[in-house]
Amino acid sequence: MSFITAHSFTFNGINSIDYGLTIVWIGSSDIDVSTNGLSRDIKKSVNPNRIKSNIYGAENTDVITFNFSIAKLNGEEITRPESIKINQWLTSSSLPQKLHFNDSDPYPLHYYAVCTQIKDIIVGGRLIGKELSFETNSPYAFTRKSEKTFVIINESTDEVTYSKTFSINNSADTYNGIYYPVITIVTRSDDAIIIENITDQKSVTLNTVYITQDNEGNKILKLDCEKMTILDKDNKLLPAEKLGWDNSYKSYVSAIDDYISNIYWLRLLKGINEIKVTGNCTFKIEYEYPRKAGCL
């Protein structure tokens, strides 16, 4: 399963097979020193006058790390130009990139990691492989990314508003079951866009009047609900006032037939979530659920 049985891996969009490389275990204890990210630390206070400690919860104490080796598929020596290209590939980014092990498991998972160490394996004066270390940015693995896209238009001139309601099943392994998705909205209208989680009984309203159009006349909003950021067509942060988020802001929630005045970042509760989007737009929601899979 995963990196233990995989013969190759994909990192930052490039497959190790493209360099003629395969995963190997060269006389080392690589597996033993990998970290599965499942260690937890109990937050507590000890009172000598009490039989039991006060427990305030538990937190993950580490992220997932991988240690394994690579060598050429044909068993030949790695040449200097080949070594340089491999090193460039693995160290091309200082930020976490997608890491996927190409195994035959029917339940695919991936990670986000940085290659933190490359050691050359020299035997008889020949470079026969490299020992690699990867450190992820999370104690979780992630499922394959899913996305749903909806085109919401006013099909009847008699309707004042137009909306689309759909359901998403959140099966994330997070502590409280909550997951924050990524959303992309494309519109040519000046109408406000309302995103409501009926299940959560909350909504957010995005005014689009002051959003700059691209060359094709589209207004683009990219919401990262976990990071609480909204980017425009140029991937620049949008200020709150351009979205109508001022002192008079309020957002209608149909589930309670009332308004809320706080800014709501769409979140998916554990289980089935009923989402309602109102406004003339194309709406895309993306999610990849975390899994407590360790390094497997």
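The values are calculated or read from the model by the stated rules, or taken from the named source; none is laboratory data. All values derive from a computational prediction rather than experimental measurement. Virtual Cβ from ideal backbone geometry, glycine too; neighbours counted across all protein chains shown. Surface areas here come from the heavy atoms of the whole protein model, side chains and all, with no ligands, DNA or RNA. Shrake-Rupley method; radii C 1.70, N 1.55, O 1.52, S 1.80 Å.
General observations
- Placing one equal scatterer on every Cα of the stretch 89-195 and applying the Debye formula, the log10 ratio I(q)/I(0) at q = 0.17, 0.22, 0.24 Å⁻¹ is -1.02, -1.28, -1.38.
- Under the simplified labelling scheme, the Thr229-Ser146 pair shows an inter-label distance of 2.6 nm, with each label point 7 Å from Cα along Cα→Cβ.
- For Leu206, net neighbour charge (Lys/Arg +1, Asp/Glu -1) across residues whose Cβ lies under 15 Å away: +2
- The calculated FRET efficiency for Glu286 paired with Asp18, based on their beta-carbon distance and R0 = 22 Å, is about 0.25.
- Annotation for Ile153 and Glu77: the two label points, set 7 Å from Cα along the Cα-Cβ direction, are 6.5 nm apart.
- Anisotropy class of the stretch 156-260 from Cα gyration tensor, a/c 1.5 cut: oblate
- Available extension along the chain between Ser92 and Asp62 is 8.4 nm, counting 0.36 nm per residue and deducting the alpha carbon span.
- Separation between Cα centres of the stretch 189-239 and the stretch 91-154, rounded to whole Å: 30 Å
- What the pair-distance distribution of the stretch 64-145 shows, using all Cα-Cα distances binned every 5 Å from zero, is 3, 13, 21, 21, 18, 13, 7, 3, 0 percent.
- Per-residue extension of 0.36 nm, minus the Cα-Cα distance of Asp246 and Glu274, leaves a gain of 7.3 nm for this segment.
- Sorting Val151, Val277, Val182 by solvent-accessible area of protein heavy atoms yields Val151, Val182, Val277, largest first, with a 1.4 Å probe.
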